[in-house]
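The block underneath contains the structure these notes are about, expressed in C-alpha cells.
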Ligand code: GDP
C-alpha cells in the first residue's frame, strides 16, 4: 500500500485526522517499538483510495526541551518512508515558529509534501490560511478533521501520489513468491547458455553448436518448472543469445556479450552468470558480475560443464577465491556447479533463483531493522574524526528490489567507506539479504 505520513507540531489535529481516515479499522493500528514507538499506523480508506497512514503524534506530553529533536527524527523517518507527507498546520492558531521549523525539515526531503490547514472552518481561520501559504508548499488544503470538511479536496491533493504507487505495485506484484521468476542467463559465448535453456525446456528450441556466437533468436521464454514438492512455478527465461547474431567477428562478439548481458539484465530479477568450468573465471566475467550488481540485480554464478571438469573441488574453490579476490561485491554470491549437458544441479539453480529473488524483494519490518541497527552500531561504533564522533541515528528501508536503505545521522559525510561496508555486510548477514546488492544512502538531516 502507498504510505501517507501525517506530520506537524502537537495539537494541530493529526490524531483527529488519523482517526477520521482510519475510522473503525483501528484494530489494525500497530504500535511499533524503537524509533517508531511514538507513532501509529493504520489502513485508511478515502473515497475509494486505500493507503497506509502513519501518524507521528504521541510526543505531546513529553519534556518540551527535548521535544523538537525527537519530533524531528520521527517526522523525518516517517516522511522518508512515505510516498507523500501531509503537513498539517492549525489555521486558527496561525503559523508559529515550530511550524516554520518543521517546514525547513520537510524542504530537504525528497518526499512530496501536501500542506493542509486544519480547523479551517469559519472566519477565525482566514488569517492562518494566508500564513500557511507563506510556508512555500503552495495553497494549503482547507480541512476540518473534526467536522469532516475538506476531505474531497484532501483526496484530490493526495491522489497523484497515491494512485501512481498503487499502479506500480500491481504491476510488479512485489511480494508474491509465485509471480513468474524473471531469470536472465548471461555469459561469454560458448559458456553453454543455449544448451542450458534447451535443457530446461526439454526440446531443441535453440540451436547449439561448438562455434562461438552461432545464430539464435529467442530472448524471452515462459517456462513452467516443477519444484521438489511437485508444485508448478512460472519462470520467464531471458536469453541473450539472440542479440548476438548481428556480430560477425570474434572480437566484436567479446564486446557484445557484456552489452547483451546488460540488456537482458533490464528485464531480469535474478541474473545467472554462466561460466565454462573448463576455462575458469576471466576478467570479462568479473566485469559482467560487477555490472549486474551495479544495476541492482541479484546474481548467481553457475559453473557449467561440470561433467567434464577435471579436479572439480579445487576448481570450485579456485573460482570461489578468484571471485572474492576480484570484487568484494561478489563475496557470498551463490556459486553452483551445474551441467547443462547432463542436467546436474539445474533444479538447485532454479531454487536458488527463487530464494534469491525473495531476499532481493524483501522488506524488513521497521522494528527488526532498527534493532539490527542498534546492535551493529553498538558492536562497532563509528569513528570520531577530529575528536568529533559521527552519530548514526536510525535507518529506514525506502524500497526493495534491490533493498535500499537510508541511514540518518550527523557528520555522515565523514563516514569512511569501510564503515559503510561493515554496515552492509552486517545487514546481509543478520537480516537475510545474503549476497543480493544492498543500497545504502547516508543523510544528514539539513536545515
Ligand atoms: P552459448 O554460446 O553460451 O549459448 O553456448 P552453447 O550452449 O552453444 O554451448 C557451447 C558448447 O558447449 C556446445 O558445444 C555445447 O554442447 C557445450 N556444452 C554446453 N553445456 C555443456 C555441459 O554442461 N557439458 C559439456 N560437456 N558441454 C556443454
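List, please: which pairs have Cβ atoms under 8 Å, are six or more places apart or on different chains, and start with a residue in the stretch 186-213 that is under 16 Å from residue 237 (Cα atoms) and within 6 Å of the ligand (Cβ to nearest atom) and end with one that is at pLDDT 80 or above and in a helix (DSSP H, G or I)?
Pairs that qualify, where the first residue is under 16 Å from residue 237 (Cα atoms) and within 6 Å of the ligand (Cβ to nearest atom) and the partner is at pLDDT 80 or above and in a helix (DSSP H, G or I), are 187/193; 187/285; 187/288.
Can you name every residue in the stretch 403-435 that is within 23 Å of residue 297 (Cβ to Cβ) and without any contact (Cβ under 8 Å) to a residue 24 or more places away in the chain?
Within the stretch 403-435, 417, 420, 424, 425, 429 qualify.
Taking the condition in contact (Cβ under 8 Å) with a residue 24 or more places away in the chain and under 23 Å from residue 101 (Cβ atoms), does residue 438 pass?
For residue 438, the condition - in contact (Cβ under 8 Å) with a residue 24 or more places away in the chain and under 23 Å from residue 101 (Cβ atoms) - is not met.
Just to be sure I understand, how many residues within the stretch 300-311 are modelled with pLDDT under 90 and either away from the ligand (no atom under 13 Å from the Cβ) or under 35 Å from the mean Cα position of the chain (by Cα) (or both)?
1
Filtering the stretch 332-374 down to residues that are over 30 Å from residue 304 (Cβ atoms) and surrounded by 17 or more Cβ atoms within 10 Å (Cβ to Cβ), which residue is nearest to the chain's Cα centre (by Cα)?
Checked the stretch 332-374; the qualifying residue nearest to the chain's Cα centre (by Cα) is 364.
Give the residues of the stretch 381-399 that are touching a residue at least 12 places away in the same chain (Cβ under 8 Å), assigned to a loop (DSSP other than H, G, I, E, B) and more than 23 Å from residue 71 (Cα to Cα), sorted by residue number.
Selection gives 382, 383, 388.
Only residues that are within 14 Å of the ligand (Cβ to nearest atom), farther than 10 Å from residue 273 by Cβ and touching a helix residue (DSSP H, G or I) at 6+ places or on another chain (Cβ under 6 Å): list them for the stretch 283-299, please.
The answer is none; no residue qualifies.
Going through the stretch 112-128 one residue at a time, which ones are crowded, with 19+ Cβ neighbours inside 10 Å and outside any helix (DSSP H, G or I)?
Hits for the stretch 112-128 are 113, 114, 115, 116, 117, 118, 119, 120.
The values are calculated or read from the model by the stated rules, or taken from the named source; none is laboratory data. Note that the structure is a prediction, hence the values are computed from the model and not measured. Because the Cβ atoms are built from the backbone with ideal geometry, glycine has one as well, and the counts that use them run over all protein chains shown.
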